[in-house]
(Lines give C-alpha, C1' and ligand atoms only; values in the text may rest on other atoms or scores of the structure.)
Protein backbone atom coordinates (compact mmCIF):
# COMPACT_ATOMS: atom_id res chain seq x y z
CA UNK A 1 0.00 0.00 0.00
CA UNK A 2 3.03 2.30 0.30
CA UNK A 3 2.72 3.10 -3.41
CA UNK A 4 -0.57 4.86 -2.68
CA UNK A 5 0.63 7.13 0.14
CA UNK A 6 0.63 10.67 -1.31
CA UNK A 7 3.19 12.28 1.01
CA UNK A 8 6.69 11.33 2.08
CA UNK A 9 7.86 11.61 5.67
CA UNK A 10 9.97 14.60 4.64
CA UNK A 11 6.95 16.35 3.12
CA UNK A 12 4.93 15.74 6.26
CA UNK A 13 7.73 17.21 8.40
CA UNK A 14 7.93 20.28 6.12
CA UNK A 15 4.18 20.81 6.47
CA UNK A 16 4.29 20.52 10.26
CA UNK A 17 7.26 22.92 10.46
CA UNK A 18 5.40 25.44 8.31
CA UNK A 19 2.34 25.19 10.57
CA UNK A 20 4.38 25.38 13.75
CA UNK A 21 3.16 21.97 14.96
CA UNK A 22 5.06 19.18 16.64
CA UNK A 23 3.30 16.14 15.20
CA UNK A 24 0.36 14.83 13.20
CA UNK A 25 -1.35 14.17 16.53
CA UNK A 26 -1.11 17.90 17.21
CA UNK A 27 -2.57 18.61 13.75
CA UNK A 28 -5.70 16.58 14.51
CA UNK A 29 -6.01 17.58 18.18
CA UNK A 30 -9.14 19.67 17.51
CA UNK A 31 -11.11 16.59 16.40
CA UNK A 32 -13.09 15.11 19.35
CA UNK A 33 -11.55 11.90 20.65
CA UNK A 34 -14.92 10.13 20.40
CA UNK A 35 -14.85 10.25 16.58
CA UNK A 36 -11.16 9.54 16.06
CA UNK A 37 -9.66 6.16 15.30
CA UNK A 38 -7.82 5.24 18.50
CA UNK A 39 -5.59 2.62 16.90
CA UNK A 40 -4.59 1.28 13.52
CA UNK A 41 -6.99 -0.46 11.19
CA UNK A 42 -7.38 -4.13 12.05
CA UNK A 43 -6.40 -5.39 8.59
CA UNK A 44 -3.75 -8.03 8.18
CA UNK A 45 -1.02 -7.43 5.57
CA UNK A 46 -1.25 -9.12 2.19
CA UNK A 47 -5.02 -9.08 1.69
CA UNK A 48 -6.32 -8.77 -1.84
CA UNK A 49 -8.11 -5.65 -3.05
CA UNK A 50 -11.57 -7.34 -2.99
CA UNK A 51 -10.96 -8.49 0.59
CA UNK A 52 -10.00 -4.99 1.71
CA UNK A 53 -13.00 -3.53 -0.14
CA UNK A 54 -15.30 -6.00 1.62
CA UNK A 55 -13.93 -5.00 5.03
CA UNK A 56 -14.53 -1.31 4.34
CA UNK A 57 -18.00 -2.06 2.99
CA UNK A 58 -18.72 -3.62 6.38
CA UNK A 59 -17.60 -0.42 8.09
CA UNK A 60 -19.92 1.54 5.84
CA UNK A 61 -22.88 -0.71 6.58
CA UNK A 62 -22.37 -0.13 10.29
CA UNK A 63 -22.77 3.59 9.68
CA UNK A 64 -25.70 3.26 7.29
CA UNK A 65 -27.72 1.35 9.89
CA UNK A 66 -28.08 4.56 11.88
CA UNK A 67 -30.46 6.15 9.38
CA UNK A 68 -31.49 3.37 7.00
CA UNK A 69 -32.41 0.72 9.54
CA UNK A 70 -33.51 2.95 12.41
CA UNK A 71 -36.55 5.14 12.94
CA UNK A 72 -35.13 8.64 12.87
CA UNK A 73 -36.26 11.40 15.24
CA UNK A 74 -33.00 13.33 14.89
CA UNK A 75 -33.15 16.83 13.45
CA UNK A 76 -31.22 19.89 14.59
CA UNK A 77 -30.60 21.08 11.04
CA UNK A 78 -30.76 17.83 9.04
CA UNK A 79 -34.12 16.08 8.66
CA UNK A 80 -35.36 12.68 7.55
CA UNK A 81 -38.01 13.84 5.06
CA UNK A 82 -39.53 11.79 2.32
CA UNK A 83 -37.79 12.04 -1.05
CA UNK A 84 -40.42 11.13 -3.67
CA UNK A 85 -39.49 8.65 -6.38
CA UNK A 86 -40.00 11.29 -9.06
CA UNK A 87 -37.37 13.50 -7.43
CA UNK A 88 -34.84 10.69 -7.37
CA UNK A 89 -35.62 9.75 -10.98
CA UNK A 90 -35.42 13.25 -12.43
CA UNK A 91 -32.63 14.53 -10.18
CA UNK A 92 -30.38 11.61 -11.13
CA UNK A 93 -30.67 12.17 -14.87
CA UNK A 94 -27.26 12.48 -16.46
CA UNK A 95 -28.02 15.99 -17.76
CA UNK A 96 -28.16 17.23 -14.17
CA UNK A 97 -25.72 14.89 -12.43
CA UNK A 98 -22.88 15.62 -14.84
CA UNK A 99 -23.52 19.37 -15.22
CA UNK A 100 -21.19 21.61 -13.27
CA UNK A 101 -22.08 25.09 -12.07
CA UNK A 102 -22.20 27.44 -15.09
CA UNK A 103 -19.28 29.82 -15.46
CA UNK A 104 -19.96 31.19 -18.93
CA UNK A 105 -23.12 33.29 -18.77
CA UNK A 106 -25.00 31.68 -21.64
CA UNK A 107 -24.05 27.98 -21.72
CA UNK A 108 -26.09 24.95 -20.63
CA UNK A 109 -29.55 26.37 -21.23
CA UNK A 110 -31.27 23.40 -19.60
CA UNK A 111 -29.35 23.74 -16.34
CA UNK A 112 -29.73 27.53 -16.38
CA UNK A 113 -33.48 27.17 -16.79
CA UNK A 114 -33.64 24.68 -13.91
CA UNK A 115 -31.71 27.11 -11.70
CA UNK A 116 -34.00 29.95 -12.79
CA UNK A 117 -37.01 27.86 -11.70
CA UNK A 118 -35.25 27.10 -8.40
CA UNK A 119 -34.67 30.82 -7.78
CA UNK A 120 -38.33 31.55 -8.52
CA UNK A 121 -39.47 28.91 -6.04
CA UNK A 122 -37.14 30.16 -3.28
CA UNK A 123 -38.29 33.72 -3.90
CA UNK A 124 -41.91 32.65 -3.43
CA UNK A 125 -41.03 30.56 -0.39
CA UNK A 126 -39.17 33.41 1.28
CA UNK A 127 -41.56 36.19 0.28
CA UNK A 128 -38.64 38.21 -1.09
CA UNK A 129 -38.19 39.36 -4.68
CA UNK A 130 -34.79 37.94 -5.56
CA UNK A 131 -33.00 34.67 -4.76
CA UNK A 132 -29.58 33.49 -5.85
CA UNK A 133 -28.63 30.19 -7.48
CA UNK A 134 -27.88 28.71 -4.01
CA UNK A 135 -24.90 28.50 -1.66
CA UNK A 136 -23.04 25.66 0.02
CA UNK A 137 -25.25 25.22 3.10
CA UNK A 138 -27.21 27.14 5.71
CA UNK A 139 -24.16 28.06 7.78
CA UNK A 140 -22.31 29.65 4.89
CA UNK A 141 -25.53 31.42 3.88
CA UNK A 142 -25.46 33.07 7.33
CA UNK A 143 -21.87 34.21 6.77
CA UNK A 144 -22.77 35.67 3.38
CA UNK A 145 -25.77 37.48 4.89
CA UNK A 146 -23.50 39.05 7.53
CA UNK A 147 -21.03 40.06 4.81
CA UNK A 148 -23.90 41.67 2.93
CA UNK A 149 -24.95 43.57 6.05
CA UNK A 150 -21.43 44.80 6.61
CA UNK A 151 -21.20 46.05 3.04
CA UNK A 152 -24.64 47.68 3.14
CA UNK A 153 -24.08 49.54 6.42
CA UNK A 154 -20.26 49.88 6.60
CA UNK A 155 -20.62 48.71 10.22
CA UNK A 156 -19.25 45.62 11.86
CA UNK A 157 -21.47 44.67 14.82
CA UNK A 158 -23.76 41.71 14.14
CA UNK A 159 -26.38 40.79 16.73
CA UNK A 160 -27.24 37.11 16.41
CA UNK A 161 -29.92 35.37 18.45
CA UNK A 162 -28.67 32.37 20.43
CA UNK A 163 -31.62 30.58 18.87
CA UNK A 164 -29.66 30.39 15.61
CA UNK A 165 -28.15 26.92 15.21
CA UNK A 166 -24.94 26.61 17.30
CA UNK A 167 -22.98 25.29 14.32
CA UNK A 168 -24.05 28.24 12.20
CA UNK A 169 -23.00 30.63 14.93
CA UNK A 170 -19.63 28.87 15.21
CA UNK A 171 -19.05 29.22 11.46
CA UNK A 172 -19.97 32.93 11.67
CA UNK A 173 -17.45 33.44 14.50
CA UNK A 174 -14.76 31.69 12.47
CA UNK A 175 -15.31 33.90 9.43
CA UNK A 176 -15.57 37.01 11.61
CA UNK A 177 -11.97 36.47 12.71
CA UNK A 178 -10.94 37.29 9.15
CA UNK A 179 -13.55 39.87 8.17
CA UNK A 180 -13.33 41.88 11.39
CA UNK A 181 -17.02 41.52 12.18
CA UNK A 182 -18.02 41.45 15.83
CA UNK A 183 -20.56 38.71 16.54
CA UNK A 184 -22.71 39.49 19.59
CA UNK A 185 -24.88 36.55 20.64
CA UNK A 186 -28.15 37.52 22.31
CA UNK A 187 -29.31 35.02 24.99
CA UNK A 188 -32.53 33.03 25.17
CA UNK A 189 -34.88 32.78 28.14
CA UNK A 190 -37.60 30.14 27.91
CA UNK A 191 -36.64 29.76 24.26
CA UNK A 192 -37.18 33.45 23.41
CA UNK A 193 -34.45 35.90 22.37
CA UNK A 194 -33.89 38.61 24.96
CA UNK A 195 -33.40 41.57 22.64
CA UNK A 196 -34.03 44.02 25.48
CA UNK A 197 -30.83 42.80 27.16
CA UNK A 198 -28.58 44.43 24.52
CA UNK A 199 -28.21 47.81 22.87
CA UNK A 200 -28.56 47.19 19.13
CA UNK A 201 -28.44 50.82 18.01
CA UNK A 202 -25.16 50.18 16.15
CA UNK A 203 -26.28 46.96 14.52
CA UNK A 204 -25.22 46.14 10.99
CA UNK A 205 -27.47 43.10 11.24
CA UNK A 206 -30.12 41.56 13.48
CA UNK A 207 -30.31 37.80 12.95
CA UNK A 208 -33.08 35.58 14.28
CA UNK A 209 -34.10 31.98 13.56
CA UNK A 210 -37.68 31.03 12.73
CA UNK A 211 -38.20 28.53 14.31
CA UNK A 212 -35.06 28.59 16.43
CA UNK A 213 -32.85 25.57 17.04
CA UNK A 214 -34.89 24.58 20.10
CA UNK A 215 -37.94 24.49 17.84
CA UNK A 216 -39.49 27.62 19.34
CA UNK A 217 -41.54 29.98 17.19
CA UNK A 218 -40.70 33.56 18.15
CA UNK A 219 -42.61 36.72 17.34
CA UNK A 220 -40.16 38.56 15.08
CA UNK A 221 -41.75 42.00 15.40
CA UNK A 222 -39.31 43.27 18.02
CA UNK A 223 -36.28 42.09 16.05
CA UNK A 224 -37.64 43.75 12.90
CA UNK A 225 -38.20 47.02 14.77
CA UNK A 226 -34.68 46.98 16.22
CA UNK A 227 -33.13 46.41 12.81
CA UNK A 228 -35.15 49.28 11.39
CA UNK A 229 -34.20 51.63 14.20
CA UNK A 230 -30.53 50.86 13.64
CA UNK A 231 -30.83 51.02 9.83
CA UNK A 232 -29.33 47.53 9.81
CA UNK A 233 -30.38 44.47 7.85
CA UNK A 234 -33.00 42.16 9.33
CA UNK A 235 -31.92 38.58 8.57
CA UNK A 236 -34.29 35.65 9.11
CA UNK A 237 -32.79 32.16 9.27
CA UNK A 238 -35.90 30.25 8.34
CA UNK A 239 -36.95 26.62 8.17
CA UNK A 240 -38.10 26.19 4.55
CA UNK A 241 -40.54 23.39 5.42
CA UNK A 242 -42.13 25.50 8.14
CA UNK A 243 -42.68 28.17 5.50
CA UNK A 244 -45.45 25.93 4.19
CA UNK A 245 -47.70 27.06 7.05
CA UNK A 246 -45.98 30.03 8.71
CA UNK A 247 -45.58 33.67 7.70
CA UNK A 248 -42.77 34.09 5.23
CA UNK A 249 -39.59 36.00 5.99
CA UNK A 250 -40.80 38.71 3.65
CA UNK A 251 -44.09 38.98 5.54
CA UNK A 252 -42.05 39.58 8.71
CA UNK A 253 -40.23 42.43 6.94
CA UNK A 254 -36.93 40.62 6.43
CA UNK A 255 -34.22 42.15 4.27
CA UNK A 256 -32.58 38.75 3.88
CA UNK A 257 -33.81 35.16 4.14
CA UNK A 258 -31.36 32.32 4.63
CA UNK A 259 -31.98 28.64 5.19
CA UNK A 260 -30.87 25.05 4.80
CA UNK A 261 -32.42 23.38 1.75
CA UNK A 262 -31.53 19.79 2.68
CA UNK A 263 -35.20 18.86 3.40
CA UNK A 264 -36.02 19.36 -0.28
CA UNK A 265 -34.87 16.15 -1.87
CA UNK A 266 -31.36 15.84 -0.42
CA UNK A 267 -30.58 12.73 1.64
CA UNK A 268 -29.14 13.08 5.14
CA UNK A 269 -25.85 11.71 3.77
CA UNK A 270 -24.00 12.09 7.08
CA UNK A 271 -23.94 15.87 6.79
CA UNK A 272 -23.63 16.87 3.17
CA UNK A 273 -23.36 18.09 0.55
CA UNK A 274 -26.30 20.30 1.43
CA UNK A 275 -27.88 23.45 0.05
CA UNK A 276 -27.75 27.07 1.21
CA UNK A 277 -30.88 29.11 0.53
CA UNK A 278 -30.51 32.88 0.10
CA UNK A 279 -33.02 35.57 -0.88
CA UNK A 280 -33.13 39.32 -0.34
CA UNK A 281 -34.78 42.61 -1.24
CA UNK A 282 -33.97 44.39 -4.48
CA UNK A 283 -32.08 47.01 -2.46
CA UNK A 284 -29.35 44.42 -1.87
CA UNK A 285 -29.34 42.72 -5.26
CA UNK A 286 -25.88 43.99 -6.24
CA UNK A 287 -24.45 42.61 -3.01
CA UNK A 288 -26.10 39.23 -3.50
CA UNK A 289 -23.45 36.50 -3.14
CA UNK A 290 -22.79 33.83 -5.72
CA UNK A 291 -24.67 33.93 -8.97
CA UNK A 292 -28.09 34.76 -10.36
CA UNK A 293 -29.71 33.31 -13.46
CA UNK A 294 -31.97 35.68 -15.37
CA UNK A 295 -34.47 35.29 -18.20
CA UNK A 296 -33.96 37.17 -21.46
CA UNK A 297 -34.32 36.86 -25.24
CA UNK A 298 -31.56 35.72 -27.57
CA UNK A 299 -30.64 37.40 -30.87
CA UNK A 300 -33.46 35.51 -32.57
CA UNK A 301 -36.06 36.61 -30.05
CA UNK A 302 -36.27 33.24 -28.35
CA UNK A 303 -36.69 32.85 -24.57
CA UNK A 304 -33.31 32.09 -23.03
CA UNK A 305 -31.46 32.15 -19.73
CA UNK A 306 -28.20 33.78 -18.70
CA UNK A 307 -26.21 34.38 -15.54
CA UNK A 308 -26.35 38.06 -14.62
CA UNK A 309 -25.14 40.61 -12.06
CA UNK A 310 -22.13 38.44 -11.27
CA UNK A 311 -20.51 40.72 -8.72
CA UNK A 312 -17.81 38.30 -7.62
CA UNK A 313 -14.08 38.13 -7.97
CA UNK A 314 -14.25 36.96 -11.59
CA UNK A 315 -15.75 40.36 -12.41
CA UNK A 316 -12.86 42.24 -10.76
CA UNK A 317 -14.95 44.17 -8.24
CA UNK A 318 -12.15 43.90 -5.68
CA UNK A 319 -12.90 45.99 -2.59
CA UNK A 320 -16.51 46.55 -3.71
CA UNK A 321 -17.31 42.85 -3.50
CA UNK A 322 -18.89 41.63 -0.28
CA UNK A 323 -18.31 37.97 -1.14
CA UNK A 324 -15.84 35.76 -2.95
CA UNK A 325 -18.36 32.98 -3.57
CA UNK A 326 -18.34 32.20 -7.27
CA UNK A 327 -20.19 28.88 -7.43
CA UNK A 328 -23.35 27.17 -6.24
CA UNK A 329 -24.71 23.74 -5.35
CA UNK A 330 -26.24 23.13 -8.77
CA UNK A 331 -27.31 19.51 -8.33
CA UNK A 332 -28.87 20.07 -4.91
CA UNK A 333 -30.58 23.24 -6.16
CA UNK A 334 -32.05 21.41 -9.15
CA UNK A 335 -33.18 18.59 -6.85
CA UNK A 336 -34.85 21.11 -4.53
CA UNK A 337 -36.62 22.69 -7.49
CA UNK A 338 -37.91 19.29 -8.59
CA UNK A 339 -39.20 18.49 -5.10
CA UNK A 340 -40.83 21.89 -4.62
CA UNK A 341 -42.37 21.72 -8.07
CA UNK A 342 -43.69 18.24 -7.32
CA UNK A 343 -45.15 19.25 -3.96
CA UNK A 344 -46.61 22.58 -5.00
CA UNK A 345 -48.15 24.98 -2.52
CA UNK A 346 -50.70 22.53 -1.15
CA UNK A 347 -48.19 19.68 -0.98
CA UNK A 348 -45.69 21.73 1.03
CA UNK A 349 -48.48 22.84 3.35
CA UNK A 350 -49.48 19.21 3.80
CA UNK A 351 -45.91 18.16 4.66
CA UNK A 352 -45.56 20.94 7.24
CA UNK A 353 -48.98 20.15 8.73
CA UNK A 354 -48.22 16.44 9.07
CA UNK A 355 -44.89 17.27 10.74
CA UNK A 356 -46.63 19.61 13.19
CA UNK A 357 -49.41 17.15 14.02
CA UNK A 358 -46.93 14.33 14.64
CA UNK A 359 -44.64 16.53 16.71
CA UNK A 360 -47.44 17.77 18.97
CA UNK A 361 -48.83 14.24 19.41
CA UNK A 362 -45.39 12.97 20.46
CA UNK A 363 -44.74 16.00 22.66
CA UNK A 364 -47.92 15.36 24.63
CA UNK A 365 -46.99 11.69 25.02
CA UNK A 366 -43.40 12.17 26.19
CA UNK A 367 -44.01 15.12 28.52
CA UNK A 368 -46.48 12.87 30.35
CA UNK A 369 -43.54 10.60 31.23
CA UNK A 370 -42.32 11.12 34.78
CA UNK A 371 -39.09 13.12 34.90
CA UNK A 372 -39.39 14.44 31.33
CA UNK A 373 -40.21 18.10 30.86
CA UNK A 374 -40.24 20.67 28.07
CA UNK A 375 -37.28 23.04 27.90
CA UNK A 376 -39.55 25.85 26.71
CA UNK A 377 -43.21 26.65 27.25
CA UNK A 378 -43.41 28.44 23.89
CA UNK A 379 -45.11 27.36 20.67
CA UNK A 380 -43.26 25.01 18.30
CA UNK A 381 -43.88 23.38 14.93
CA UNK A 382 -42.06 20.13 14.14
CA UNK A 383 -39.19 20.08 16.62
CA UNK A 384 -38.95 20.51 20.38
CA UNK A 385 -36.45 20.25 23.23
CA UNK A 386 -36.84 17.99 26.24
CA UNK A 387 -35.03 18.01 29.58
CA UNK A 388 -34.47 14.43 30.75
CA UNK A 389 -33.58 13.03 34.17
CA UNK A 390 -30.50 11.39 32.56
CA UNK A 391 -27.81 12.46 30.15
CA UNK A 392 -29.35 12.80 26.70
CA UNK A 393 -26.46 10.92 25.08
CA UNK A 394 -27.08 7.91 27.33
CA UNK A 395 -30.79 7.89 26.52
CA UNK A 396 -29.98 8.07 22.80
CA UNK A 397 -27.66 5.05 23.14
CA UNK A 398 -30.28 3.04 25.04
CA UNK A 399 -33.03 3.74 22.51
CA UNK A 400 -30.72 3.08 19.57
CA UNK A 401 -30.37 -0.48 20.80
CA UNK A 402 -34.11 -0.85 20.16
CA UNK A 403 -34.00 0.65 16.68
CA UNK A 404 -34.97 4.26 17.37
CA UNK A 405 -32.69 7.24 16.85
CA UNK A 406 -34.14 9.33 19.66
CA UNK A 407 -32.89 12.76 18.64
CA UNK A 408 -29.81 14.93 19.02
CA UNK A 409 -28.12 15.70 22.32
CA UNK A 410 -27.91 19.48 22.68
CA UNK A 411 -24.45 19.06 24.19
CA UNK A 412 -23.28 17.58 20.86
CA UNK A 413 -24.24 20.81 19.11
CA UNK A 414 -22.53 23.01 21.70
CA UNK A 415 -19.76 20.92 23.32
CA UNK A 416 -18.48 23.93 25.25
CA UNK A 417 -21.96 24.53 26.64
CA UNK A 418 -24.60 27.14 25.91
CA UNK A 419 -25.20 29.91 28.48
CA UNK A 420 -28.80 30.10 27.28
CA UNK A 421 -29.48 26.43 27.99
CA UNK A 422 -29.39 25.24 31.58
CA UNK A 423 -28.44 21.59 32.14
CA UNK A 424 -27.45 21.11 28.52
CA UNK A 425 -26.13 17.57 29.12
CA UNK A 426 -29.69 16.40 29.77
CA UNK A 427 -31.35 18.27 26.88
CA UNK A 428 -32.59 16.25 23.91
CA UNK A 429 -33.77 17.76 20.63
CA UNK A 430 -36.53 15.76 18.97
CA UNK A 431 -37.78 16.24 15.40
CA UNK A 432 -40.81 14.68 13.73
CA UNK A 433 -41.19 14.59 9.96
CA UNK A 434 -44.07 13.49 7.75
CA UNK A 435 -42.46 10.02 7.50
CA UNK A 436 -43.17 9.14 11.12
CA UNK A 437 -46.25 6.97 11.70
CA UNK A 438 -48.53 6.78 14.74
CA UNK A 439 -47.06 3.36 15.55
CA UNK A 440 -43.53 4.82 15.54
CA UNK A 441 -44.58 7.77 17.70
CA UNK A 442 -46.18 5.47 20.27
CA UNK A 443 -43.12 3.19 20.25
CA UNK A 444 -40.88 6.22 20.85
CA UNK A 445 -42.87 7.34 23.89
CA UNK A 446 -42.82 3.86 25.39
CA UNK A 447 -39.08 3.40 24.84
CA UNK A 448 -38.34 6.82 26.32
CA UNK A 449 -40.40 5.94 29.38
CA UNK A 450 -38.25 2.84 29.90
CA UNK A 451 -34.99 4.70 29.17
CA UNK A 452 -35.56 7.35 31.84
CA UNK A 453 -37.13 5.09 34.48
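The values are calculated or read from the model by the stated rules, or taken from the named source; none is laboratory data. Keep in mind that what you see is a predicted model, and the values were worked out from it rather than measured. Backbone-built Cβ (ideal geometry, glycine too); neighbour counts: all protein chains shown.
The table that follows gives values for the structure above.
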{"read-out": "Qualifying residue in the range 110-125 (condition: touching a residue at least 12 places away in the same chain (Cβ under 8 Å) and part of a loop (DSSP other than H, G, I, E, B))", "value": "no"}
{"read-out": "Qualifying residue in the range 367-378 (condition: at positive phi, out of contact with any strand residue (DSSP E or B) (no Cβ under 8 Å at 6 or more places or on another chain) and either in contact (Cβ under 8 Å) with a residue 24 or more places away in the chain or outside any loop (DSSP other than H, G, I, E, B) (or both))", "value": "yes"}
{"read-out": "In the range 394-411, residue nearest to residue 435 (Cα to Cα) [restricted to those that are in contact with a helix residue (DSSP H, G or I) (Cβ under 7 Å, 6 or more places away or on another chain) and part of a helix (DSSP H, G or I)]", "value": "399"}
{"read-out": "Residues (at pLDDT below 90 and closer than 22 Å to residue 110 by Cα) located in the range 258-291", "value": "290, 291"}
{"read-out": "All positions within the range 380-409 that are in contact (Cβ under 8 Å) with a residue 60 or more places away in the chain and within 29 Å of residue 173 (Cα to Cα)", "value": "380, 381, 382, 383, 384, 385, 407, 408"}
{"read-out": "Search result, residues across the range 107-131 that are modelled with pLDDT under 95 and touching a helix residue (DSSP H, G or I) at 6+ places or on another chain (Cβ under 8 Å)", "value": "110, 111, 114, 115"}
{"read-out": "Meets criteria (assigned by TED's automatic domain parsing to the domain that holds residue 416 and surrounded by 11 or more Cβ atoms within 10 Å (Cβ to Cβ)) for residue 76", "value": "yes"}
{"read-out": "The range 9-23: number of residues that are surrounded by fewer than 12 Cβ atoms within 10 Å (Cβ to Cβ) and within 23 Å of residue 38 (Cβ to Cβ)", "value": "3"}
{"read-out": "Candidates 306, 293, 256, 325 - the one that is farther than 26 Å from residue 221 by Cα and within 19 Å of the chain's Cα centre (by Cα)", "value": "325"}
{"read-out": "Search result, residues across the range 140-174 that are without any contact (Cβ under 8 Å) to a residue 60 or more places away in the chain and out of contact with any strand residue (DSSP E or B) (no Cβ under 7 Å at 6 or more places or on another chain)", "value": "143, 154, 170, 171, 174"}
{"read-out": "Criterion (modelled with pLDDT under 85 and over 27 Å from residue 291 (Cβ atoms)) met by exactly one of 73, 56", "value": "56"}
{"read-out": "Selection count, the range 225-239, where residues are assigned to a loop (DSSP other than H, G, I, E, B), touching a strand residue (DSSP E or B) at 6+ places or on another chain (Cβ under 6 Å) and under 19 Å from residue 123 (Cβ atoms)", "value": "0"}
{"read-out": "Any hit, the range 400-407, residues being in contact with a strand residue (DSSP E or B) (Cβ under 6 Å, 6 or more places away or on another chain) and crowded, with 20+ Cβ neighbours inside 10 Å", "value": "yes"}
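Quick grid of which residues meet (1) out of contact with any helix residue (DSSP H, G or I) (no Cβ under 6 Å at 6 or more places or on another chain); (2) outside the structural domain of residue 373 (by TED's automatic domain parsing); (3) buried (at least 22 other Cβ atoms within 10 Å of the Cβ); (4) more than 23 Å from residue 140 (Cα to Cα):
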| site | (1), (2), (3), (4) |
| --- | --- |
| 189 | yes, yes, no, yes |
| 193 | yes, yes, yes, no |
| 199 | yes, yes, no, yes |
| 208 | no, yes, yes, no |
| 221 | yes, yes, no, yes |
| 233 | no, yes, yes, no |
| 247 | yes, yes, no, yes |
| 262 | yes, yes, yes, no |
